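The structure under discussion appears below in the form of structure tokens.
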Amino acid sequence: MKRRDFIKTSAIGLTAPTAIFGGTKIKTNRNAPIILSTWNHGLPANDAALKSLQNGGNAMDAAEMGARVPEADPKITSVGFGGFPDEQGNVTLDACVMDSTGNAGSVAFVQNIKHPVSVARKVMEDTKHVMLVGEGARQFAVSQGFEEMNLLTDESKAEWEKWKMKRSEMTPHETHDTISVLAQDKNGDLAGACTTSGWAYKMHGRVGDSPIIGAGLFVDNEIGCAAATGLGEEVIKTTGSFLVVELMRQGYDPTTACEEALNRVIKRHNGNPDFQIAYIAIRKDGKIGSACIKWSFEYALAQGGVNKLHKIEGMI
């Protein structure tokens, strides 16, 4: 396709199929909403996201409402309230959102705010910025009416105390299960949200991929959206979610795009990385995909009136 023809086709927008490099045409999935989330806590997240759509919300509303559920659940130790703290005993949170217009908002290293995903949306919609961090993010949240609270539960504190006693005998971190929520509404528009308390017992000040647009989350309403979970440092180094979407633009189906993005990581680690990364993706036509490096990974898919957990095996 000539460049001018591609630009002309792209400018048509949703009135015509989206153009993909290689000549493939892809249609928009309409009137068949999809919610795709990471891990088993994606199931209640999907329920909340679907309820938002049923009440007239759009894809961005759905993704935010879905992500808020695990943020508020003290039993989930990798997200929000109840999340495992850093090495100093502080629960520090990261989150981002991206909507169908390409607008984005993010907060990182924020403390004492239960719903960083909603603060990220406020950053996106009510400021000229994309990312606020640390004390500035907390101050902004308070100015927007968010209440402060201690996010360290007794259970997470007890685990942190155990880790401190045996840290010389233990791995430097525990596995963590970021919640990423991707949504496509009845109009076919796409949006996403990502929120986490991050790497357990991390260095104070550490920020992972979850609040970084293009790493933990990326949305291109012409093509598709993708999100990550796993070791954020490695996702950042390969701008993973952006890569998945760009591979879909080149004609890869969503699963193959996720696998190819992970192949870049696997190659960097001589074919056998000792950590996990997983991606989820939705293409504009409603096709979904997922892949993980090793072991296994679960994602929750709500589609056609069914909200179900799916398990995939690792690539290596």
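Annotations
- For the chain, the longest piece that avoids every one of the trypsin sites (Lys or Arg not before Pro) found in DSSP loops with at most 15 other C-beta atoms within 10 Å covers 187-316.
- For segment 3-313, the antiparallel share of DSSP beta bridges with both residues in that region comes to about 95%.
- Here segment 250-316 and segment 206-225 have alpha carbon centers that stand 15 Å from each other.
- Using Cβ point charges alone (K and R +1, D and E -1), the dipole size of the chain about the Cα centre works out to roughly 1000 debye.
- Rg(Cα)/(2.2 N^0.38 Å) for the chain, N = residue count: 0.96
- Relative to the longest principal axis of the Cα atoms of the chain, the long axis of helix 134-143 lies at roughly 80 degrees.
- 0 to 90° range, to nearest 10: angle between helix 240-249 axis and the chain longest Cα axis: 10 degrees
- Computed log₁₀ I(q)/I(0) - Debye formula, equal Cα scatterers, no solvent, segment 161-316, q 0.13, 0.14, 0.21 Å⁻¹: -0.58, -0.67, -1.36
- Normalised by 2.2 N^0.38 Å, where N is the number of residues, the alpha-carbon radius of gyration of segment 128-222 equals 1.37.
No value in this document is a laboratory result; all are computed from the given coordinates. Fair warning: this is a prediction, and the values are worked out from it, not measured in the lab. Every residue, glycine among them, receives a Cβ derived from its backbone with ideal geometry; neighbour counts consider all protein chains shown.
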